[in-house]
1. Report whether or not residue B:107 is away from every other protein chain (no Cβ under 14 Å) and on the phi > 0 side of the Ramachandran plot.
2. Which members of segment B:351-381 meet the condition of being under 19 Å from residue B:291 (Cα atoms) and of a type outside the set (A, V, I, L, M, F, W, C)?
3. Do you know which residues across segment A:18-69 are hydroxyl-bearing (Ser, Thr, Tyr) and either farther than 26 Å from residue B:15 by Cβ or in contact with a Ser or Thr (Cβ under 7 Å, 6 or more places away or on another chain) (or both)?
4. Within segment A:83-100, track down each residue that is within 14 Å of another protein chain (Cβ to nearest Cβ) and not basic (Lys, Arg).
5. If a residue has to be aliphatic (A, V, I, L, M) and within 30 Å of residue B:173 (Cα to Cα) to count, how many in segment B:24-73 make the cut?
6. Kindly evaluate residue B:376 against the criterion of being among the hydrophobic types (A, V, I, L, M, F, W, C) and modelled with pLDDT of 95 or more.
7. Quick one: in segment B:300-318, which of the residues that are more than 14 Å from chain A (Cβ to nearest Cβ) and not in a helix (DSSP H, G or I) is farthest from residue B:165 (Cα to Cα)?
8. Among the strands (runs of 3 or more DSSP E) confined wholly to segment B:28-109, which include 3 or more residues that are aliphatic (A, V, I, L, M), in contact (Cβ under 8 Å) with a residue 24 or more places away in the chain and assigned by TED's automatic domain parsing to the domain that holds residue B:260?
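The values are calculated or read from the model by the stated rules, or taken from the named source; none is laboratory data. In this text, all values refer to a predicted model and were calculated from it rather than measured experimentally. A quick note on method: Cβ atoms are made from the backbone with ideal geometry, for glycine too, and the neighbour counts reach across all protein chains shown.
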Amino acid sequence: MPKITFIDAARETRTVEAKNGMSVMETAIKNNVPGIDADCGGACACATCHVQVHPDWIAKVGSPGSMEQSMLDFAEGVTEFSRLSCQIKVTDALDGLVVTTPESQH
Amino acid sequence: MAERAPDRVVIIGGGQAGCQAAASLRQLGHAGEIVIIAEEPDAPYQRPPLSKAYLKGEIEAERLLIRPESFYAEERIELRLGERVTAIDRAARRVTTDAEQGEAGLGYNALIIATGTRPRRLAAPGAGLGGVFELRTRADVERLKPALKPGERLCVVGAGYIGLETAAAARALGCEVTVIEAMDRVLSRVAGEELSAFFANEHRSRGVQLRLGARLEAFEGAGSVSGVRLAGGEVIGCDVVIVGVGVIANDEIAREAGLVCDDGIVVDRAQRTSDAAVFAIGDVARRPLVHFGDRMMRLESVHNAIEGGKIAAAAILGAPHPAEDAPWFWSDQYDLKLQTAGLWTGADATVVRGDPAERSFAVFYLQAGRLIAVDAVNAAPEYIVGKKLVSLGAMVAPGELADKSVAMKDIAARALART
């Protein structure tokens, strides 16, 4: 199973096991990782699961789709490494992925 | 005898709101007991997918869970599922339940009522026939799913969000679908005419028979439903009926306890009821909306459930009041994502941005020049900016909004400068 590492705003690191096919957001919720609210449950409707993908991983993770990009355009603290974690699907290729969660999603 | 635990918070109801309140209490440092008492047998789960992805069989039950089962043990949140609270004794600060085993009475220091709503039932003859369903709980969907086989004729009563989402899902499952609506347009309660016309057109183009201004008189059939009869006598044959004609607040337990209610439990900005130790959140609460002049509203949405849970937890612990969002909501039908923010009632002007024929557009609702709501279809920038401007009560220029060549970012900047 792929492993994903979440780094929170206090620089605390949690590495958890993910399942292929689930989203990075679902992986975080399932493992009680703080810093991701995911109010809409993954419907790409709320932009409260914003993460920063580690620069080493951004190429593999890929860029946001148009709906996601529009949501990100107006979220707080967005960078070129920003993604909505509900839109990143876990695959074996993402084993070892590192993402950072923000202080607040609102 | 139930002991009185000075630091115990009891939450009645295990939906999105109750679950959020429990999680927020822990996040904010509550060290005492948290007990969720919920009638449904499932751990707290998300309801929105019930009429969308879950109905279509695209996701399994486990993915509905708001939190993994392990969360509750780790956070020391006691889940008492399949148990009903029968009374609240406010003087003794104690609830009684129908628990057959163990303690049927439970003391509280603070009580949160998050009992939600239940579907309104039609009084029409035959409403109890087999094949007539409602859609609120996972159990409802488990009963309904086997009936939605390809080729089956489904009649949806009510063209609100639940009705239209169900119709879209049933079309994807290969059912023949008729939607009956008493009003002369779909989504009449929740949106303006532009949006109604768009969605009516979409459903028709997907093969849904829309019967607007149609009054249902009776369900026909012997044992199992075989049709619905409209006023005037016409019978629409069907094998399955889903009734989605609104909900009723589950506020009886609060009323019986003497709490102030008015189609829902009346609360203040801190979600506090007329009893300082009792809070109400989610669909069952009637709360003042700070972005709308403290208008008292009962909102049925995930946003309202989550926000209420956070606010009540903060109030109980004396933590700072969380910032409120303008009300927001979404609906998925076919390949359309509707995102909406604010409240459109009271609008004196509407502005359409984009062309509905292109299936990406937004309707902005204005009142005295201020933006009070937005409905965006496949139009995330319009939604996100609209929501922000609604929450700020921003003055907007209709001409700018209607002009697609002016970016939403620029519209936001100009509106903020004007406000």
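1. Criteria not met by residue B:107.
2. Of everything in segment B:351-381, those that are under 19 Å from residue B:291 (Cα atoms) and of a type outside the set (A, V, I, L, M, F, W, C) turn out to be B:365, B:367, B:369, B:370, B:375.
3. Step one: filter segment A:18-69 for residues hydroxyl-bearing (Ser, Thr, Tyr), giving A:23, A:27, A:48, A:63, A:66.
Those that are hydroxyl-bearing (Ser, Thr, Tyr) and either farther than 26 Å from residue B:15 by Cβ or in contact with a Ser or Thr (Cβ under 7 Å, 6 or more places away or on another chain) (or both): A:23, A:63, A:66.
4. Result: A:84, A:86, A:87, A:90.
5. The qualifying residues number 9.
6. yes
7. Result: B:318.
8. Numbers: elements: B:34-38, B:77-81, B:85-89, B:94-97, B:105-107.
Because the criterion is at least 3 residues that are aliphatic (A, V, I, L, M), in contact (Cβ under 8 Å) with a residue 24 or more places away in the chain and assigned by TED's automatic domain parsing to the domain that holds residue B:260, the strands (runs of 3 or more DSSP E) in segment B:28-109 that meet it are B:34-38, B:77-81, B:85-89.
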